[in-house]
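The values are calculated or read from the model by the stated rules, or taken from the named source; none is laboratory data. This structure is a prediction, so every number in the text was calculated from the model and none was measured. With ideal geometry, Cβ positions are generated from the backbone for all residues, glycine too; neighbour counts draw on all protein chains shown. Note: accessible area is taken over every heavy atom of the protein model, side chains too, but ligands, DNA and RNA are not part of it. Shrake-Rupley method; radii C 1.70, N 1.55, O 1.52, S 1.80 Å.
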Amino acid sequence: MLLPEPPYPAVASLAMQDGTKIGYEMTDLINHRTRALSFVASTSLAILSLTSAPVKALDVGNTAPTFSLTSSGGKLDSASLKGKLVYVDFWASWCVPCKQSFPWMNEMQAKYADRGLHVLAINVDAKAADAEKFLTQVPAKFQVAFDSSGETPKQFAVKSMPSSYLIDGNGRVVYAHTGFRESEKNSIEAAIIAALDNMKKQ
């Protein structure tokens, strides 16, 4: 990767004409190099983390991973959700479609809670403040959990935000979806209704 070059000739010329500015210009040059090298290092680590440990995709029919997280309602253990149809949604504060999905998830929680639906949104922001700021702007009327370590989305093989999974009462994935669009709301709701009906028959 080539590092961007600042206008070094102009810096050298200015330093020669006015010796009092040498320290300032050299400091600026060093800071530029430090920022550039830091960017390269962080980018390399990010690429390495994505490519060094491939994770098998979590498909419909698979058993959902277990997890234990801090949530808006206290400590959350996935075992406590057994017997419910859980709509697990992975989100982040920088996710634009998430601002559209939250009002819809509020609607689904209110509409189907009595039938056994439990909406759980798992935030993956590194900073809790970022998630809190998002939630003040887009309130959640369902349970929100937090995983700044990124371990849970890794177990679910999440590749983009938002990613959602319907998990039945036996812990089995019955539906998986990536992204959120207005045109898809009806089909996702239909999947929720079908899963609830199927659980009722069991």
Order Phe134, Phe146 by their accessible area, 1.4 angstrom probe, all chains in place, largest first. Phe146, Phe134
With only alpha-carbon atoms in the gyration tensor, what are the semi-axes of the equivalent ellipsoid for segment 120-198, in Å, largest first? 24, 16, 12
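Before I look further, what does segment 136-202 give for accessible area per residue, probe 1.4 Å, in whole square angstrom?
Per-residue accessible area for segment 136-202 comes out at 52 Å².
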Ranked highest first by average number of other Cβ atoms within 10 Å, how do 169-181, 79-91 line up? 79-91, 169-181
Once amide H atoms are placed 1.01 Å from N in the peptide plane, what residues at a sequence separation of 5 or more from Leu76, or on another chain, have their amide H within under 5 Å of its amide H? Leu69, Thr70, Ser71
Give me the lysines in straight-line cross-link reach of Lys185: C-alpha distance below 24 Å, same-chain residues under 8 apart excluded. Lys84, Lys99, Lys111, Lys141, Lys159, Lys200
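If we count every other residue with Cβ under 15 angstrom of Arg181's Cβ, Lys/Arg +1 and Asp/Glu -1, where does the sum land?
Working: positive: Lys99, Lys185; negative: Asp89, Glu182, Glu184, Glu189.
Around Arg181, the charge tally is -2.
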